[in-house]
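Enquirer: Before I ask anything, here is the structure I am working with.
No value in this document is a laboratory result; all are computed from the given coordinates. This structure is a prediction, so every number in the text was calculated from the model and none was measured. Here the Cβ positions follow ideal geometry from the backbone for every residue, glycine too, while neighbour counts run over all protein chains shown.
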Amino acid sequence: MSESAKKIRVSYADYLADKSGERYELLDGEIVMQAAPSRIHQKILGELFRQLANFLDGKKCEVYSAPFDVRLFEEKEDTLEEVYTVLQPDILVVCDIDKLDDRGCKGAPELVMEILSPSTAGHDWIAKWNQYQKAGVREYWIIDPQNQLAHVFLLKDGRFSLQRVYNRIEIAQVNILDGCFVDLNRVFPEQSEN
């Protein structure tokens, strides 16, 4: 994306038409560049995905991993030119299959997990937090590889509330999926690097 393109409000139609190959998200029409994730980030993402996918096998909910477009505020009648927020959560679970189309997810997933990295930590804790909360994501996990922690938040009365912080040796409960747990000892490698 050129410098001049970064200063204008970019729609989902513009995003889809971009052939630069650069990875980015749209936050209310502003471009937020995405660096390629580290090896540790990918390893953590893969293990989280594996555990969730195994649990959801044969169930109605579906799990996806980045890159996967989530148009948080897209309404049924919106055109692509009217959609200005497109995020790519590291992990997401969708239980309302009507929200899924060939481009990704329209509306809020039930669960979102973001894995922190030095380049995205502020974005995940502040900007994405606010967008997910506003859209009505029911459960939000922030995975901290450096400190080997999983911060789990639940949406209560329209606001995220800390449910629990889990460390690497604990089994974390996925609150929106009855009977689902994540073994964090398998998620976090012995020595974490970002």
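Enquirer: Just rank Val174, Val152, Val32, Val112, fewest to most, by other beta-carbon atoms within 10 angstrom.
Expert: In order of increasing Cβ crowding within 10 Å: Val32, Val174, Val152, Val112.
Enquirer: Also, I was wondering about something else. Per-residue ellipticity at 222 nm for the chain, helices alone: DSSP H runs ≥ 4 residues times -39500 (n - 2.57), over residue total, nearest 500 deg cm²/dmol?
Expert: That calculation yields -5500 deg cm²/dmol at 222 nm.
Enquirer: Compute the FRET efficiency between Lys134 and Asp102 as 1/(1 + (r/R0)^6), taking r as their Cβ-Cβ distance and R0 = 22 Å, and round to the nearest 0.05.
Expert: That pair, Lys134 with Asp102, gives E of 0.30.
Enquirer: If you don't mind, there's one more thing I want to ask. Using only the alpha-carbon atoms, how far is helix 39-56 inclined from the longest principal axis of the chain? Give it as 0 to 90 degrees, nearest 10.
Expert: Approximately 80 degrees, to the nearest ten.
Enquirer: Tell me the GluC sites (Glu not before Pro) within the range 150-194 that lie in a loop according to DSSP and have at most 13 other beta-carbon atoms within 10 Å. The partial results should precede the final answer.
Expert: Working: sites: Glu170, Glu190, Glu193; in loops: Glu170, Glu190, Glu193.
Of the GluC sites (Glu not before Pro), the ones in loops of the range 150-194 whose Cβ has at most 13 other Cβ atoms within 10 Å are Glu190, Glu193.
Enquirer: Could you please state, rounded to a whole Å, how far the C-alpha centre of the range 14-29 is from the C-alpha centre of the range 116-194?
Expert: Rounded to whole Å, the Cα centres lie 26 Å apart.
Enquirer: Quote the charge dipole size of the range 37-187 about the Cα centre in Debye, to the nearest 20; the model charges only the Cβ of Lys and Arg (+1) and of Asp and Glu (-1).
Expert: Numbers: 18 positive and 24 negative charges, 123 e Å.
The calculated dipole for the range 37-187 is roughly 600 debye.
Enquirer: Dividing the convex hull volume of the Cα atoms of the range 20-112 by its residue count, what figure in Å³ per residue is obtained?
Expert: Spread over its residues, the Cα hull of the range 20-112 gives 104 Å³ apiece.
Enquirer: If you don't mind, there's one more thing I want to ask. Rank-order 130-141, 52-63 by packing density, defined as the average count of other C-beta atoms within 10 Å over each peptide's residues, highest first.
Expert: Numbers: 130-141: 19.3, 52-63: 14.5.
Taking the mean over residues of other Cβ atoms within 10 Å, the ranking is 130-141, 52-63.
Enquirer: Let's test this: bin the Cα-Cα distances of the range 37-187 at 5 Å from zero up to the farthest pair and state each bin's percent.
Expert: 2, 9, 20, 24, 22, 15, 6, 2, 1, 0
Enquirer: Now for a different question. Hey, in the chain, which Cys have no second cysteine's beta-carbon closer than 4.7 Å?
Expert: That list is Cys105, Cys180.
Enquirer: Which residue, chosen from Ile171, Asn130, Val94, occupies the Cα position most advanced towards the positive end of the dipole of the range 92-185, where the dipole is computed from +1 (Lys, Arg) and -1 (Asp, Glu) charges on Cβ about the Cα centre?
Expert: The residue sitting farthest along the positive end of the dipole is Asn130.
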